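Reviewing the structure listed below.
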Amino acid sequence: MASIAGAERIIAGLKEAGINLVSSVPDINMLQLINLLYEDKEIAHLPVGREEEGIGVCTGAHLAGKQTAMLMQNGGLLNSCNGLTTTALQFGIPILLLIYYAGDIGDNAFHMVGLVTEPVLQGLGIKHIVMRDPARVKQDIAGAVTLANSSKRPVALLLTRAVL
Amino acid sequence: MKRFECFQAIVPLIKDELFVTTAGGATAEWNAVRPSDGNIQVKTLGLCSSIGLGLAVALPQRKVFVFDGDGALWMNLGSLATIGLHQPKNLIHICWDNHQYESSGGEPTAATADNLDFAGVARSAGIKSSCAANTVEELKEAVRHALNNDGPHFICANIAPGRAEAPPLKYDELENKYRFIRYIEETEGINILRIPMPASYLLK
């Protein structure tokens, strides 16, 4: 089960990297993280019903100057592929994708989603890091946001239970 | 009523509002009637309402119009519930309902059978200022109301099919994006685009 400390570390990393708007669809493994986002006063939190909506919300907010992130499970990454392709990538929109890595080694649910997650990101041309070390959380977030801004593309962080 | 005559009727009401226009016929026609860097075209069918929501939330002091279509809104009908949840006061969402996928050749949509009441769905989703417009006068009144009152607003404009002659957009999506952002920067007096400084510039 995810820990408060893991969620707090990620929120602190997002703030240090300048993230000020997060759209989300929940997963049980991100419960603490989502709960913190609901309470946070500095980061605008916009829950959506389907992940592709969130890609649209982040895009619209970026146009007005927000530094955005989309929080979702990897099943939601699959739901949002067209929005990522024909909106985020085609218009050149930096979005930090925070994706819970269901079906990863050691995770007993959604193994098919886990199997296709990294090949789908590679196919989309979205660079990613699999986050397994809590000590590297802040620098991975900062690095991903730096690359998203310089490349004007989404960059993905795959969150495993080890960092949540 | 036709979409193009509607555009001509409402354009005198428009000042510097921002427009997010659907991946469909409305985009070229709107840009012909109101050429402005304050218009941004959408390339993902259905996503204009979500992009408009993000823009409206990020820029709450500015009115944001979304021009949707019945096929596009069907694809992202859930966005009405999301807008109903977040209640952006500055969002004016218009669905140009011609009862068909006009850009795809005229195939039927969920609206074609006349069972679907988009304005009713929007109202039930929490968008209290929601109405249907069947005449140009009704539409003008609804737009005037939306401009002068807090929203979110939803207007289903029931239009006849058919496109007007309108030239294609002058800009691709990248140029459109940059122009749109620069327009917001200039009209809001803010700095949005940040060009990363190469490390070699930072070294003494």
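The values are calculated or read from the model by the stated rules, or taken from the named source; none is laboratory data. In this text, all values refer to a predicted model and were calculated from it rather than measured experimentally. A quick note on method: Cβ atoms are made from the backbone with ideal geometry, for glycine too, and the neighbour counts reach across all protein chains shown.
Here is how the numbers come out for the structure above:
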read-out	value
Restricting segment B:75-107 to residues that are more than 11 Å from chain A (Cβ to nearest Cβ) and out of contact with any helix residue (DSSP H, G or I) (no Cβ under 9 Å at 6 or more places or on another chain), the residue that is surrounded by the fewest Cβ atoms within 10 Å (Cβ to Cβ)	B:Gly105
Lone qualifier among B:His153, B:His145 - being within 17 Å of the chain's Cα centre (by Cα) and surrounded by fewer than 18 Cβ atoms within 10 Å (Cβ to Cβ)	B:His145
Test: residue in segment B:97-115 that is part of a helix (DSSP H, G or I), modelled with pLDDT of 95 or more, under 24 Å from B:Trp74 (Cα atoms) and of a type in the set (Gly, Ala, Ser)	no
Residue ID - surrounded by the most Cβ atoms within 10 Å (Cβ to Cβ), chosen from residues in segment B:49-67 that are within 12 Å of another protein chain (Cβ to nearest Cβ) and part of a strand (DSSP E or B)	B:Val66
Residue within segment B:27-48 that is assigned to a helix (DSSP H, G or I) and within 12 Å of chain A (Cβ to nearest Cβ) present	yes
Residue in segment A:137-154 that is surrounded by the fewest Cβ atoms within 10 Å (Cβ to Cβ), counting only those that are away from chain B (no Cβ under 14 Å) and β-branched (Val, Ile, Thr)	A:Val137
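Conditions tested, residue by residue: (1) within 11 Å of chain A (Cβ to nearest Cβ); (2) touching a residue at least 40 places away in the same chain (Cβ under 8 Å); (3) over 19 Å from A:Ser150 (Cβ atoms).
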{"site": "B:Ala160", "(1), (2), (3)": "no, yes, yes"}
{"site": "B:Ala164", "(1), (2), (3)": "no, yes, yes"}
{"site": "B:Pro168", "(1), (2), (3)": "no, yes, yes"}
{"site": "B:Glu173", "(1), (2), (3)": "yes, yes, yes"}
{"site": "B:Phe180", "(1), (2), (3)": "yes, yes, yes"}
{"site": "B:Thr187", "(1), (2), (3)": "no, yes, yes"}
{"site": "B:Asn191", "(1), (2), (3)": "yes, no, no"}
{"site": "B:Leu202", "(1), (2), (3)": "no, no, no"}
